[in-house]
Amino acid sequence: MSQAAAYLMRAVRPPVLLGLLGRLLLTLAALAAIPALVSLAHGDSPLTWRLAAMSALLCGVGWPLARLHRGADIQWNEALAITGLAFVMAPLVMVWPLVGIGIAPIDAWFESVSGVTTTGLTTLRGMAERPADFLFLRAWMQWYGGLGIAALTVALIMRHHAGARLLLETTGESLSEAGAREHARRVFVVYAALTLIAVAAAWASGLAPFPALAHGLAAVATGGFAISDQNIAPLPPAAVAVLSLVCVAAAISLPLYARLPRQGPRALLGEPEVRALFIAILTTSAMLAAITATHGDFAWRSAVADALVLGVSAQTDTGFSTTDVAALPPAAQLVLMVSMAIGGCTGSTAGGIKLIRLLILLRLIQVALQRTATSERAVLDVRVGGDRVEPDMIASALQLLGLWALVLLLSWLIFLAQGQPPMASLFEVVSATSNAGLSAGLTGPDMAPILKLVLTADMLFGRVEILALLVVLYPPTWIGRRRASP
């Protein structure tokens, strides 16, 4: 072996990275097997055997690769790479099964990305005529996307606290001292409990078992896929209310629920980010109600009801709606865009830039104003909820905001270059990047392929918070980049 080849083997660490990849493939194989069994129970269809074949292929490739990993520590750049790969590969493996039931490849990719990233945008129509196994697959992709491929695989591929912490932080989670496996187990238990409550409550609200299951899975994932082209507008008001409450619950940081038995409601209401979520939902809903009620023929009662649903949907980045967003006044659409961009709490299934970053930004502005009236030697810490915000966290938040704005502007520019209307184009781009799923009417079967690809890229950037996907797209950041040994 030449010296160059030997260096490359040491730098890339193929046993570690391939082992992590193998564990990821095994996870995806298990996730593909569930809808395959559901499709088999529903009846023989191309979706059944294609899902089964994909699961078997992933298992066959992943098993020998997984044996290469023996609990070695993982670096930050490698954690980012495996996180980005998880959210790229998860929708990719679903393209072939969807093509088998007559969906065009680009639309299959769009639907898979929208599902796994819990966005909820769709280019497909005629949902009422689609088979039940396909509708379940869409809801299932959103469900495990909501939990997060990264969070699911942490319990399987990580053994070291530091490495798992880095991986979880790339998706907005914060790791407790109990360790990676215990943290992943606790989050999964909370997520499973919310899922059971969501499906049971939707069923009790008057929905039939299958619609309750499909909408419950989408709600707890803040995904927004519905089984009707009119979204959740045809559902009974009680079901709409239940699903909205589930969306709010899912937009709260999942690890906080584990504290409820010890701390009670204070575990949630004591967090500034949770309080900010409720304030943002009420503010957004009030503004939407005021705007829509004073424009056109909207009655106050219907305006308030629709505004509450849209306010919850936008702030939690779910995508459920009981009204046509394209028919709303431009001012209402602007309010929705701001709400979608902010999103929910860190560590939840919601998208957006997250409320904690907004709180940090507002606190930075407040400190800057205070500095103008204090001594130059005065030390003013940036604090949120009494906790000091470290400089590296401030830098990380500002870095993400800058990257997020850059992706937004570049995507909007492509839409404008394609001759699309400015306001509707900006709405679609914000919705995709925020993983929100609300649409101003541009996303559909007739959308240009280049614009579909732009929106899928936006969904991925938004879900993995940009940096992880950039690491995957630029291998020199994780190939040949080794830290010095202590």
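A quick yes/no check of all residues on (1) touching a residue at least 60 places away in the same chain (Cβ under 8 Å); (2) within 22 Å of LEU355 (Cβ to Cβ):
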| residue | (1), (2) |
| --- | --- |
| LEU243 | yes, yes |
| ALA267 | no, yes |
| ALA290 | no, no |
| THR294 | no, no |
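Applying a threshold of 9 Å to beta carbon distances and a minimum spacing of six or more residues, or different chains, the list of pairs starting in the stretch 407-423 at a residue that is in contact (Cβ under 8 Å) with a residue 24 or more places away in the chain and ending at one that is among the charged types (D, E, K, R) and part of a helix (DSSP H, G or I) reads VAL407/ASP458; LEU408/ASP458; SER411/GLU428; SER411/ASP458; PHE415/GLU428; GLN420/GLU428. Within the stretch 77-91, no residue that is on the phi > 0 side of the Ramachandran plot sits with its Cβ atom under 9 Å from a residue that is at pLDDT 80 or above and not in a helix (DSSP H, G or I) at 6+ positions apart or across chains. Within the stretch 315-329, the set of residues being part of a loop (DSSP other than H, G, I, E, B), open to solvent by less than 20 Å² (accessible area, probe 1.4 Å) and closer than 15 Å to ILE291 by Cα comprises LEU328, PRO329. Take the conditions (1) at pLDDT 95 or above; (2) closer than 30 Å to GLY462 by Cβ; GLY100 misses just one of them, which is (1). Taken over the stretch 48-97, the criterion of being crowded, with 24+ Cβ neighbours inside 10 Å and modelled with pLDDT of 90 or more is satisfied by LEU51, ALA90, PRO91, MET94, PRO97. For the stretch 335-360, a residue qualifies if it is assigned to a helix (DSSP H, G or I) and either under 14 Å from THR318 (Cβ atoms) or in contact (Cβ under 8 Å) with a residue 60 or more places away in the chain (or both), and the qualifying residues are LEU336, MET337, SER339, MET340, ALA341, ILE342, LEU355, ILE356, LEU358, LEU359. Does the stretch 330-347 contain at least one residue that is out of contact with any Cys (no Cβ under 6 Å at 6 or more places or on another chain), at positive phi, open to solvent by 10 Å² or more (accessible area, probe 1.4 Å) and modelled with pLDDT under 95? Checking the stretch 330-347: not a single residue is out of contact with any Cys (no Cβ under 6 Å at 6 or more places or on another chain), at positive phi, open to solvent by 10 Å² or more (accessible area, probe 1.4 Å) and modelled with pLDDT under 95.
Within the stretch 410-438, being crowded, with 24+ Cβ neighbours inside 10 Å and not hydrophobic (A, V, I, L, M, F, W, C) holds for GLU428, SER431, THR433, SER434, ASN435, GLY437.
Pick from the stretch 27-43 the residues that are assigned to a helix (DSSP H, G or I) and modelled with pLDDT under 90: which of them is most open to solvent (accessible area, probe 1.4 Å)? Among them, the one singled out is HIS42. Report the residue count in the stretch 280-297 for those that are polar (S, T, N, Q), open to solvent by 60 Å² or more (accessible area, probe 1.4 Å) and either at pLDDT 85 or above or outside any loop (DSSP other than H, G, I, E, B) (or both). Going through the stretch 280-297 one residue at a time, the tally reaches 1. I'd like to check something: does the stretch 292-302 contain any residue that is over 25 Å from ALA238 (Cα atoms), hydroxyl-bearing (Ser, Thr, Tyr) and over 23 Å from the mean Cα position of the chain (by Cα)? Yes, the stretch 292-302 contains at least one residue that is over 25 Å from ALA238 (Cα atoms), hydroxyl-bearing (Ser, Thr, Tyr) and over 23 Å from the mean Cα position of the chain (by Cα). The residue that is nearest to THR433 (Cα to Cα), among those in the stretch 305-314 that are open to solvent by less than 60 Å² (accessible area, probe 1.4 Å) and among the aliphatic types (A, V, I, L, M), is ALA314. Whether a residue is without any contact (Cβ under 8 Å) to a residue 40 or more places away in the chain and either more than 21 Å from the chain's Cα centre (by Cα) or assigned to a helix (DSSP H, G or I) (or both) was assessed, and ILE450 passes this test.
The values are calculated or read from the model by the stated rules, or taken from the named source; none is laboratory data. These numbers come from a predicted model, not from an experiment. Cβ: placed from backbone, ideal geometry, glycine included. Neighbour counts: every protein chain shown. Ligands, DNA and RNA are stripped out before the accessible areas are found, and what is left, the full protein with its side chains, is counted by its heavy atoms. Shrake-Rupley method; radii C 1.70, N 1.55, O 1.52, S 1.80 Å.
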